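Enquirer: I am attaching a structure below and will ask some questions about it afterwards.
Bear in mind these aren't lab numbers, they're just calculated from the coordinates by the rules spelled out. Source: prediction; values computed, not measured. No Cβ is skipped: glycine too gets one built from the backbone with ideal geometry, and neighbour counts run over all protein chains shown.
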Amino acid sequence: MSEVADAPEIEVELKFITPADPLFAQVEKLRWDVLIEPFDLTGEVTWDDDDPHSSHLVAVAGDRVVGYARLIEQGDVAQIRHVAVLPEEQRAGLGTVLMAALVAEARRRELAHVWLNSRMPAVRFYERLGFERVGETFYTPVVHLEHVRMELALQ
Ligand SMILES: CC(C)(COP(=O)(O)OP(=O)(O)OC[C@H]1O[C@@H](n2cnc3c(N)ncnc32)[C@H](O)[C@@H]1OP(=O)(O)O)[C@@H](O)C(=O)NCCC(=O)NCCS
């Protein structure tokens, strides 16, 4: 599926879904369980204004959503948000294939670059995919965790 990813160690199907898909309930639970609840991010929500027009990518094993990431197109660039893999499936290559698929989709749309706000423990993960840090670290207004903007040029 991409030039940057090896095959993950578990068999998954990658597909884009809409919020109307029955699998989306698992997406909201995954976002909550992996990205919000462990960090006590009480101000964070599982649904935001970008969700209706985001491209929601899921990694599905059987009927289980084991990984998720979304692409939010913004003019000639796109933001990637909510990259999450179930704890028991982490470090098996799933995050890498999810990211590679979103980058491939952004390339297909001929976007100039993709960007994201990385939590500090994930910076190395994104660097391995070619993303570069841009600017100083910061704390987002809602999610009180240190982040840094990272970008991957596509053109
Ligand atoms: C970050 C995340 C999406 C990566 O997905 P993954 O499937 O575990 O990643 P992959 O197996 O494809 O890649 C693993 C590589 O990424 C890096 N990496 C992944 N998770 C890491 C972590 N928690 N700490 C440090 N490095 C990490 C490592 O370099 C690792 O390679 P290694 O195992 O050979 O050392 C996943 O760990 C996750 O959901 N973490 C919790 C939520 C989160 O922080 N999301 C990112 C928000 S910006």
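Enquirer: What's the total number of residues in segment 66-96 that are touching a residue at least 12 places away in the same chain (Cβ under 8 Å), within 21 Å of residue 29 (Cβ to Cβ) and not in a strand (DSSP E or B)?
Expert: 6
Enquirer: Looking only at segment 10-23, count how many residues are under 20 Å from residue 88 (Cα atoms) and either part of a helix (DSSP H, G or I) or more than 16 Å from the ligand (Cβ to nearest atom) (or both).
Expert: 1
Enquirer: Across segment 34-65, what is the number of residues that are free of Cβ contacts under 8 Å to residues at least 40 places away in the same chain and not in a loop (DSSP other than H, G, I, E, B)?
Expert: Total meeting the criteria: 7.
Enquirer: Another question, then. Every residue in segment 107-129 that is within 13 Å of the ligand (Cβ to nearest atom) and loosely packed, with under 14 Cβ neighbours inside 10 Å, please.
Expert: Answer for segment 107-129, where residues must be within 13 Å of the ligand (Cβ to nearest atom) and loosely packed, with under 14 Cβ neighbours inside 10 Å: 120, 121, 124, 127, 128.
Enquirer: State the number of residues belonging to segment 72-96 that are under 13 Å from the mean Cα position of the chain (by Cα), over 18 Å from residue 50 (Cβ atoms) and more than 7 Å from the ligand (Cβ to nearest atom).
Expert: Qualifying residue count, segment 72-96: 1.
Enquirer: Further question: It is to be established whether one or more residues within segment 40-59 are under 28 Å from residue 9 (Cβ atoms), of a type outside the set (D, E, K, R) and touching a His at 6+ places or on another chain (Cβ under 7 Å).
Expert: The answer is no; no qualifying residue exists.
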